[in-house]
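The values are calculated or read from the model by the stated rules, or taken from the named source; none is laboratory data. Only a predicted model underlies this, so the values are computations on that prediction, with no experimental measurement involved. With ideal geometry, Cβ positions are generated from the backbone for all residues, glycine too; neighbour counts draw on all protein chains shown.
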Amino acid sequence: MVKIIPKTTKILERLAAKHTPIYRMVSLYYKRLVQEEVALAKVQPTDKVLCIGGGPCPFSGILLHEYTGAHVTIIDNDESCVQISKGLIEKLGYGKYIEVLYSDGNNISPEDYSVIHMAVQVSPMDQVFCHLKQGCRFGAKILVRLPKKSLTNFYSVNDLSVFRTCCKKAAHNWRNVDSTALFIKS
Ligand SMILES: C[S@@+](CC[C@H](N)C(=O)[O-])C[C@H]1O[C@@H](n2cnc3c(N)ncnc32)[C@H](O)[C@@H]1O
């Protein structure tokens, strides 16, 4: 049960990475979401952004760059997703501004980044969050997408209480994502 939504998302994203009309249609889902996240964290062109869990079609990382001009590093722990999304970034002409790496959110060193973004499908969400929060630099901002309560079982989150201490949240209506929580390392 836990894997149904992440698996379906990957299938859809593989299609979106290859077919422009599907890419355009699915990106509509992400546009408002990312605009609200950019406003929440006040992302600037000078920020260095790290996205955890880009998938085969890393809409969030691409839009974060498009809306702010910031340099974005996207990681995924699925090698096939990394290969597909690298091809897409080249096709879009964003190779200088967006890099895609094979890595796990639980192992990456986050200290070089001023903004860190976590997809709702990241697994295990609470563990990766604690690793990033502990290792990031002071003042770094962490944006975490949290699932709707009724959908929590479809995602990999054991302890939602670690997300209670956020500074601010942006609520999202009509989505599987309930809200994006902002944390600032102090
Ligand atoms: C399907 S994507 C959805 C994100 C969406 N494309 C976006 O732009 O917001 C979620 C990805 O997170 C990856 N993932 C899950 N847990 C991870 C972790 N601990 N470290 C790195 N990637 C992870 C999965 O392999 C999957 O490809």
Report task. Answer yes or no: is there a residue in the stretch 104-126 that is in contact with a Leu (Cβ under 9 Å, 6 or more places away or on another chain), of a type in the set (D, E, K, R), part of a loop (DSSP other than H, G, I, E, B) and modelled with pLDDT of 95 or more. Result -> yes
Query raised in the report: If we keep just the residues of the stretch 1-49 that are among the β-branched types (Val, Ile, Thr), more than 12 Å from the ligand (Cβ to nearest atom) and assigned to a helix (DSSP H, G or I), which is nearest to the chain's Cα centre (by Cα)?
Result: Val38
Query - Residue within the stretch 127-137 that is touching a helix residue (DSSP H, G or I) at 6+ places or on another chain (Cβ under 7 Å) and either at pLDDT below 95 or in a helix (DSSP H, G or I) (or both) present - result: yes
Requested in this report: Determine the pairs where a residue that is in contact (Cβ under 8 Å) with a residue 60 or more places away in the chain and at negative phi, located within the stretch 74-95, has a partner that is part of a loop (DSSP other than H, G, I, E, B) and surrounded by fewer than 21 Cβ atoms within 10 Å (Cβ to Cβ) with Cβ atoms under 8 Å apart, the partner being 6 or more residues away or on another chain.
Outcome: none
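Out of everything in the stretch 59-75 that is under 19 Å from Tyr23 (Cα atoms) and under 14 Å from the mean Cα position of the chain (by Cα), what residue ends up being surrounded by the fewest Cβ atoms within 10 Å (Cβ to Cβ)? First the steps, then the outcome.
Initially, the stretch 59-75 is screened for residues under 19 Å from Tyr23 (Cα atoms), giving 59-67, 74.
Keeping just the survivors that are under 14 Å from the mean Cα position of the chain (by Cα) gives 59-65, 74.
Values: Phe59: 22, Ser60: 25, Gly61: 29, Ile62: 25, Leu63: 19, Leu64: 28, His65: 23, Ile74: 29.
Top of the filtered list is Leu63.
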Query raised in the report: Is it true that Lys91 is more than 15 Å from Lys141 (Cβ to Cβ), more than 8 Å from the ligand (Cβ to nearest atom), in a helix (DSSP H, G or I) and in contact with a strand residue (DSSP E or B) (Cβ under 6 Å, 6 or more places away or on another chain)?
Result: no
